[in-house]
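Structure, as structure tokens:
Just so it is clear, none of the values below were taken in a lab; they were calculated from the coordinates. It should be emphasised that the depicted structure is a prediction, and the values quoted were computed from it without experimental measurement. FYI the Cβ positions are ideal-geometry reconstructions off the backbone, even for glycines, and counts take in every protein chain you see.
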Amino acid sequence: MKTFKDRTAVITGAASGFGLEVSRIAAAKGMRVVMADVQEDALTAAAAEITGLGAQVLPYRLDVSKAAEVESLGAATFARFGAPHFVFNNAGVGSGGFVWEVSVKDWEWVLGVNLMGVVHGVRVFTPMMLAAAKQDAGYEGHIVNTASMAGLLNPPNMGVYNVSKHAVVSLSETLYQDLRLVTDQVSASVLCPYFVPTGITSSERNRPADMKNEKPTKSQIVSRIMSEKAVSSGKVTAVMVAQFVFDALAEDRFYIFSHPKALSNVEARMADILAIRNPGDPFAKRPELGEQLRKALRADD
């Protein structure tokens, strides 16, 4: 995308983190902004802020895991602003623990938000964008899906999150290739952040009501503690990541990384696969972290 002014952005998870920072940049660039989030009070405050920056804003409260709600978001967007030019399928939640200890409800919640939320966004908005491209030779469209470095790696004790983010990477790569078959006017990217301070480590605030009283297992507690420590110590900010997203839009670049140096870990994983050998030690470069995790998980309750 080369032009942003007077164009429309649809952003899920818009009330905080990457979504809010992307909304701020979109407003600064003169875009109309559709802000969607599950947390109504935070959304109201965020929408008021972006409106105060001079942008036309459509706030929309929804649960992205619900197909009908994303379809309604699409209809509301089209009715207000027409087909969007930039869709940021960004809403996500964090969760960890041993894969055999994660409850069915937790699997459904994490996959529902992290994966199906992206699926619904792609399914609802891509046809609108393709139709707009057919009607206007000058139309430019771009979809960015938020995955994670956990979509390219498999950190232990984070199985449900890893699975959801690997699926988003696969979906996004396929979307990119599918779009290349039918148009030169609509493209796609995948965002793979590493440890960036956002609100994702407190995702339990948005757990479905029937899950609020579920007692976490030890592995889930350990995962949360270690994730909070890693994320809070991150030096790359959400503001920086939001700018990386817009840089990728301008360059039509598919992969968006917050920490390119972490790709050495991806390279090591690929080397294991190509050599047909067992997965290597994920803590080879930071053995003290591996020892800390093993000690915490093996300790007597």
If each part is reduced to its alpha-carbon centroid, region 148-180 and region 226-301 end up apart, in Å, by 13
For region 1-124, what are the per-bin percents of Cα-Cα distances with bins 5 Å wide, up to the bin holding the maximum? 2, 12, 22, 22, 18, 11, 6, 3, 2, 1
Helix 287-298: angle to the longest alpha-carbon principal axis of the chain, degrees 0 to 90, nearest 10? 70
Ranking Arg298, Arg253 by Cβ neighbours within 10 Å, fewest first, what do you get? Arg298, Arg253
Residues Thr3, Thr198 in order from fewest to most other beta-carbon atoms within 10 Å are Thr3, Thr198
Whole-Hz couplings from phi, Karplus 6.51/-1.76/1.60, listed for region 103-110; x for Gly and Pro: 5, 4, 5, 5, 4, 5, 5, 5
Across the alpha-carbon set of the chain, Rg over Rh with Rh taken as the Kirkwood radius works out to 0.98
Estimated distance in nm for a label pair at Glu267 and Arg123, the labels positioned 7 Å out from Cα along Cα-to-Cβ: 3.9
Put in order of increasing Cβ neighbours within 10 Å, starting from the fewest, Ile256, Ile25, Ile225, Ile276 give Ile276, Ile225, Ile25, Ile256
Run the reach check for Lys2 against lysines, Cα to Cα strictly under 21 Å, same-chain hits fewer than 8 apart removed. What comes back? Lys29, Lys134
Between 0 and 90°, nearest 10: helix 40-52 axis offset from the chain longest Cα axis: 50
MRE, 222 nm, helices only [DSSP H, n ≥ 4, -39500 (n - 2.57), over the chain, to nearest 500]: -15500 deg cm²/dmol
